[in-house]
Amino acid sequence: MTTKKTNATEATTKQIEDAVEVGKKSVEQAMKASTKNYNQAVCMTKEQVEKASKAFFKSYDEATALNKDSIDAVVKASEVLTKGAEAFGKAYYGIAQSSAEASVEATKAMLGAKSAKEFVEIQAEFARTSFDNFLSESTRLSEMSVKVANDAAEPLTSRMNEVASRFSASA
């Protein structure tokens, strides 16, 4: 009977050992599978973070370049406007100086008039000449102002068109 108990115990032990071995293999396979899935998830997350970071920094670099180009356009427009204002100021000063000189000459001529008729003729000629000069010089200053405004607006307009085309292309 001891042999039967020993054989039965050995058979039971063998079954338990087989079951433990199967359980052990199942746990090892589950661990390998979960480790593999974990590693895949980590790699996928890392790839997604890298893609998002690259996209963010690319957008940041593009925005920085866009801002730099816009600032350059404003600086260029300011330079054109400054030079135009300087030219306008010089032209205006030239007009004022020539007008003052003409006034002095007319005053001298009027003071040297021999009669009231001659005085009125000198004064009328001065008024006519002054008015003609005023019209021609104001037209010249107006044209100069329009040219300066258009030249100053050009870099800003071209920049706005470029920005609009970039945004419409990306949309």
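With semi-axes defined as the square roots of five times the eigenvalues of the C-alpha gyration tensor, the equivalent ellipsoid of the stretch 1-140 measures 114, 9, 7 Å, largest first. Of the Cα atoms belonging to the stretch 92-171, the radius of gyration and Dmax stand at 24.1, 82 Å. The calculated FRET efficiency for Tyr92 paired with Ser158, based on their beta-carbon distance and R0 = 35 Å, is about 0.75.
When the charge dipole of the stretch 19-141 is built from unit charges on Cβ atoms (+1 for Lys and Arg, -1 for Asp and Glu) and taken about the Cα centre, the candidate among Ala52, Ala19, Phe131 whose Cα reaches farthest toward its positive end is Ala19. Once the 1.4 Å probe is applied to the protein heavy atoms, the stretch 60-160 comes out at 72 Å² accessible per residue. For Ser115 and Tyr38, the difference between the fully extended length at 0.36 nm per residue and the C-alpha to C-alpha distance is 16.3 nm. With a Förster radius of 45 Å applied to the beta-carbon distance between Lys147 and Glu105, the computed FRET efficiency rounds to 0.90. The apolar share of the surface of the stretch 71-129, taken as the fraction of accessible area on carbon and sulfur atoms (1.4 Å probe, ligands and nucleic acids excluded), comes to 65 percent. Based on Cα contacts under 8 Å between residues 6+ apart, the chain shows a relative contact order of 33 percent.
The values are calculated or read from the model by the stated rules, or taken from the named source; none is laboratory data. In this text the structure is predicted, and so the values were computed from the model without any measurement. All Cβ positions, glycine included, derive from the backbone under ideal geometry; neighbour counts span all protein chains shown. Protein only, heavy atoms only, side chains kept; ligands, DNA and RNA dropped before computing areas. Shrake-Rupley method; radii C 1.70, N 1.55, O 1.52, S 1.80 Å.
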